[in-house]
Amino acid sequence: MALLPILQYPDPRLHKVAKSVATVTEQTRKLIRDMAETMYAASGVGLAATQVDVHERIVVIDVSDTHDNLLVFINPVLTSSSGSEESEEGCLSVPGIYENVTRAEQVTVSALDAQGKAFTLEADGLLAICIQHEMDHLQGRVFVEHLSHLKQTRIRAKLIKQRRETL
Ligand code: GNR
Ligand code: NI
């Protein structure tokens with residue numbers, strides 16, 4: 001197992017569009033294990049491969065309090081969504097920034113699991129939000145891009161300043 005470095009916004013690699021996984025292999029599963037370890041170590045509830053500079057459609061999520069309910073989504077597709085709800089989001093690639101984002105309240109997602117087996121899941125609450133947040137990453141979109149351009153500019157400046165001061 002290995003901890004992977006998480007790309008920090010603004011980084012142009014966060015805007016790359018991930019490609020579908022053609023076949024789920026042992027190498028895919030090794031990446032998934034490393035992504036899960038990285039997510040738990042960073043106290044995140046989700047992680048997209050894009051954030052560790054791997055541009056393949058792979059997401060891990062665990063919204064349980066006990067950190068024992070890992071969900072793996074390979075090539076996820078939203079097949080339906082309904083409702084709309086505003087909630088505060090954060091992102092491991094945008095440390096220390098928490099802002100409200102409006103997303104669908106309920107989603108249905110189809111994907112492959114770590115064994116390459118297809119499944120469909122209906123989600124609401126934090127899981128639904130997290131699925132949409134992670135699928136955004138796979139499209140090269142970071143949650144701050146749902147905010148005004150003024151806010152995005154302020155967030156970029158703040159993060160660059162923060163990073164300069166902690167170097
Ligand atoms: O850890 C995370 N928490 C979170 C909180 C509200 C909405 C979305 C998230 S996802 C985030 C981890 C992360 O950056 N995933 O890409
Ligand atoms: Ni994120």
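Go through the range 132-147 and count every residue that is open to solvent by 60 Å² or more (accessible area, probe 1.4 Å) and among the small types (Gly, Ala, Ser).
Matching residues across the range 132-147 total 0.
Could you list all residues from the range 10-25 that are more than 13 Å from the chain's Cα centre (by Cα) and either within 13 Å of ligand 2 (Cβ to nearest atom) or farther than 22 Å from Val144 by Cβ (or both)? Asp11, Lys19, Ser20, Val21, Ala22, Thr23, Val24, Thr25, listed by residue number. Beta carbons closer than 7 Å, at least 6 apart along the sequence or on distinct chains, pair a first residue in the range 89-112 that is away from ligand 2 (no atom under 12 Å from the Cβ) and modelled with pLDDT of 95 or more with a second that is among the polar types (S, T, N, Q) and assigned to a loop (DSSP other than H, G, I, E, B) for Thr102/Ser84; Ala104/Ser84; Glu105/Ser84.
Would you pick out the residues in the range 43-57 that are of a type in the set (A, V, I, L, M, F, W, C) and within 14 Å of ligand 2 (Cβ to nearest atom)? Within the range 43-57, Val45, Leu47, Ala48, Ala49, Val52 qualify.
Restricting attention to the range 113-131 and to residues that are surrounded by 14 or more Cβ atoms within 10 Å (Cβ to Cβ) and either without any contact (Cβ under 8 Å) to a residue 24 or more places away in the chain or part of a strand (DSSP E or B) (or both), the residue that is nearest to ligand 2 (Cβ to nearest atom) turns out to be Ala123. So is Asp65 touching a Leu at 6+ places or on another chain (Cβ under 8 Å) and away from ligand 2 (no atom under 13 Å from the Cβ) or not? So Asp65 fails the test. Contact map, the range 27-53: residues that are touching a residue at least 24 places away in the same chain (Cβ under 8 Å) paired with residues that are of a type in the set (S, T, N, Q), Cβ distance under 6 Å, separation 6+ or inter-chain. Pairs shown: Gln51/Ser93. Here Thr28 meets each of (1) away from ligand 2 (no atom under 14 Å from the Cβ); (2) hydroxyl-bearing (Ser, Thr, Tyr); (3) in contact with a helix residue (DSSP H, G or I) (Cβ under 8 Å, 6 or more places away or on another chain) with one exception, condition (3).
The values are calculated or read from the model by the stated rules, or taken from the named source; none is laboratory data. Keep in mind the model is a prediction, meaning the values are calculated, not measured. Quick reminder, even Gly has a Cβ in these numbers, built from the backbone with ideal geometry, and neighbours come from all protein chains shown. These area figures cover heavy atoms from the full protein model, side chains too; ligands, DNA and RNA do not enter into them. Shrake-Rupley method; radii C 1.70, N 1.55, O 1.52, S 1.80 Å.
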